Structures are given as structure tokens and as C-alpha cells.
1. For THR262, state whether it is of a type in the set (S, T, N, Q), assigned to a helix (DSSP H, G or I) and under 15 Å from the mean Cα position of the chain (by Cα).
2. Looking at the range 246-259 only, could you name the residues that are within 15 Å of the ligand (Cβ to nearest atom), over 15 Å from VAL191 (Cα atoms) and at pLDDT 95 or above?
3. Quick check on my filter: what residues within the range 265-290 are assigned to a strand (DSSP E or B), touching a strand residue (DSSP E or B) at 6+ places or on another chain (Cβ under 8 Å) and not aromatic (Phe, Trp, Tyr)?
4. In the range 35-56, which residues are more than 14 Å from the ligand (Cβ to nearest atom) and surrounded by 21 or more Cβ atoms within 10 Å (Cβ to Cβ)?
5. Quick one: is VAL216 on the phi < 0 side of the Ramachandran plot, in a loop (DSSP other than H, G, I, E, B) and either surrounded by fewer than 20 Cβ atoms within 10 Å (Cβ to Cβ) or within 10 Å of the ligand (Cβ to nearest atom) (or both)?
6. Go through the residues of the range 150-164 one by one and say whether even a single one is among the charged types (D, E, K, R), within 16 Å of the ligand (Cβ to nearest atom), outside any helix (DSSP H, G or I) and out of contact with any Lys or Arg (no Cβ under 9 Å at 6 or more places or on another chain).
7. Looking only at the range 103-116, decide whether some residue is over 18 Å from the mean Cα position of the chain (by Cα) and among the aliphatic types (A, V, I, L, M).
8. Give me the pairs: first residue in the range 114-128 and farther than 19 Å from ALA26 by Cα, second residue part of a strand (DSSP E or B) and among the acidic types (Asp, Glu), beta-carbon distance under 6 Å, and six or more apart or on different chains, which are they?
Amino acid sequence: MNVVVLLNPAHPDGELLDEAVPHFSALAQGIARGDGIFETARYAGGRVRKLDEHLWRLHRSAGLTGLDIPDDDAWRRAITTAIDAWQPTDSDDVVAGEALVKLLVMRGYAPENVEGYAWIVVSPVPATLRPTAPVKVSLLERGFSSTTAAQAPWLLLGAKTLSYATNMAAIREAQSRGAQDVIFVTSDGLVLEGPTSTVVIKRGDELVTPPNELGVLPGTTQRVLFRAAQRAGWRTSTARLTPDDLRSADAVWLTSSVRLLTQVQYVDDDEVALDDDAHATLQQLFEDAS
Ligand code: PLP
């Protein structure tokens, strides 16, 4: 089942809506122009994981897109309303006991509107979203250089906006090439991120991820993972990485809230080292910390 909750000043704890009824007009900017922002958090073990991080990033995206959004207390109350109403689906097609908790904010009916319309959607996690085996990725050009994010902030690089059509198109392109996922690179050859994930590599006892200044979304999974790994004695850093750094790494992961840690085994036709011990250790560190 899905649960849809509307969050507005008239319903400060969130209003449960009928999931079968459309909730937003095709006339709104959020629909017609993809002008809005979102977060997808994971509900597991009876709690929404790393909600602080998701709310932090939602506010960051709201600032970048010029949207006013509810405060954290309102979000937390409405999320509780939504989770309380949610009932797990009993099916092999979904991950048992887990849910996706999507926070959505869309711009209203005029381009100059700053007030965002806010919803929470709770839905099952499709089993296909949780690959257990290492994946093959295609390296695809993102279409901008390493200086574009700083030079053209209106492109909203690094904001989690609703305009994910190009990200989804990139995944389809990778699939047509026989891969399961994508790692984007800048036009000047630097590693960015996946369409729905952060890139993390292991070099010795160090975990490294590309810097946000390149125009990548700050990954909440990567942030929590790095803090947990540091406490456990790992070194962590951000650095500009090239495709050769992926090929020579001791291990490469895609990290995301829904898919958690996924090892990369092939970058196009080049085989990448796997480190199953580090994978198991980092997965556990992340699970305990989130
Ligand atoms: N980068 C992009 C473009 C994403 O869409 C996502 C998540 O969907 C991530 C990175 C990973 O972020 P998180 O770990 O917060 O899920």
C-alpha cells in the first residue's frame, strides 16, 4: 500500500489523503515544469533512517530553488502520521519490513510562488531496488565541466530537484549498453556521481568521494558512512577522481539511501577490484550508524 499525507498550515500534523485520488493540478509549476524538490528516506527497523540528514538536505535544496518549506517539527509530525498509517505489503516483490519515505515539495501555480506544496508518500521498497551482487556501470558524460557548478548556479547542480528525467535517461542508456548503472563524468574527465547514488572508492584504509563543488548532490548515505568509518579508524577524504582512479581503486561503491552500498565490478569493460570484507564491514558500520 501507499500512504499520501499533505502537509500545510491547516494540517500541521499532516492530513491523510486517499492515495487513489490525484492530488495536484497539471497547471502547477511542480508538475508542468518539474519545479520542486524531494528526498527519499528509508524506513527500516521501526524508524526512518538518518532523517536529520534528509531534512538538512531538503532545506539546502529549498534554498537553492527559492522555495519556502515547512519546518522540521512539522515534517517530523507529518512523517509520524504517514508511518502510523502505513501497512507493510506481504509480497516477494518488496523488501520485507521496509518502506520508502518520500518528502516532496512542489512550486504552486505561478513561477514567482515561493510557497511550496508539501507531501509525504510512504510506499513499499521494490525488491529490484536492492541489488546484492556487484554491478557493471557505464561511464557517461554529464554534459558540464568541473567549473560549471560554480559558474552557473541556476543550473541547480547538486540540488535534489524533481527534474530527474535526464538521470533516468542515463540509466536506460547504460542498460542498452549491458550495464546496470551509471557513473557520470564531467566534460573535462572528472568523476561525479551516479544518477541516484554517490561514488565512494577505497584506497588502502582510506575512503574517498568526489567533492560537492563539482556539482554533485551531497549524499546522506556517504556522509553517515564516512562519519561511522572515521570513528572505526578509517581515513576519509574528498578528492577529484578520474576514471583511472576508479580502475585502480581497491574497491568502488555506489551509495544511496534505498540501495545502501553496492559494489562496482566493471566500469564499462574494465574490471574493478572487489573487497567483500570491506563491503561487509562498511555495510554494518552504516547500518549501525543510520
Ligand atoms: N546523487 C544523486 C544524484 C542522487 O539522486 C542520490 C539519491 O537519490 C544520491 C546521490 C545518494 O544520496 P543519498 O545517499 O542521500 O540517498
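The values are calculated or read from the model by the stated rules, or taken from the named source; none is laboratory data. The model shown is predicted, which means the values in this text are computed figures rather than measured ones. With ideal geometry, Cβ positions are generated from the backbone for all residues, glycine too; neighbour counts draw on all protein chains shown.
1. Working: of a type in the set (S, T, N, Q): yes; assigned to a helix (DSSP H, G or I): no; under 15 Å from the mean Cα position of the chain (by Cα): yes.
The answer is no for THR262.
2. Of the residues in the range 246-259, the ones within 15 Å of the ligand (Cβ to nearest atom) are 252-259.
Those left that are additionally over 15 Å from VAL191 (Cα atoms): 256-259.
Across the range 246-259, the qualifying residues are SER256, SER257.
3. Initially, the range 265-290 is screened for residues assigned to a strand (DSSP E or B), giving 265-267, 270-271.
Now narrow it down to the ones that are touching a strand residue (DSSP E or B) at 6+ places or on another chain (Cβ under 8 Å): 265-267, 271.
Hits for the range 265-290 are GLN265, VAL267, GLU271.
4. Pass one, the range 35-56, residues more than 14 Å from the ligand (Cβ to nearest atom): 35-36, 45-47.
Selection gives ASP35, GLY36.
5. Values: on the phi < 0 side of the Ramachandran plot: yes; in a loop (DSSP other than H, G, I, E, B): yes; either surrounded by fewer than 20 Cβ atoms within 10 Å (Cβ to Cβ) or within 10 Å of the ligand (Cβ to nearest atom) (or both): yes.
Criteria met by VAL216.
6. Residues of the range 150-164 that are among the charged types (D, E, K, R), as a first pass: 160.
Cutting the leftovers down to within 16 Å of the ligand (Cβ to nearest atom) gives us 160.
Cutting the leftovers down to outside any helix (DSSP H, G or I) gives us 160.
Pick out the ones that are also out of contact with any Lys or Arg (no Cβ under 9 Å at 6 or more places or on another chain) and you get none.
Within the range 150-164 (the criterion being among the charged types (D, E, K, R), within 16 Å of the ligand (Cβ to nearest atom), outside any helix (DSSP H, G or I) and out of contact with any Lys or Arg (no Cβ under 9 Å at 6 or more places or on another chain)), the answer is no, since none of the residues qualifies.
7. To start, the set of residues in the range 103-116 that are over 18 Å from the mean Cα position of the chain (by Cα) comprises 107-116.
Now drop any that are not among the aliphatic types (A, V, I, L, M), which leaves 110, 114.
Scanning the range 103-116, I find at least one residue that is over 18 Å from the mean Cα position of the chain (by Cα) and among the aliphatic types (A, V, I, L, M), so the answer is yes.
8. VAL125/GLU98
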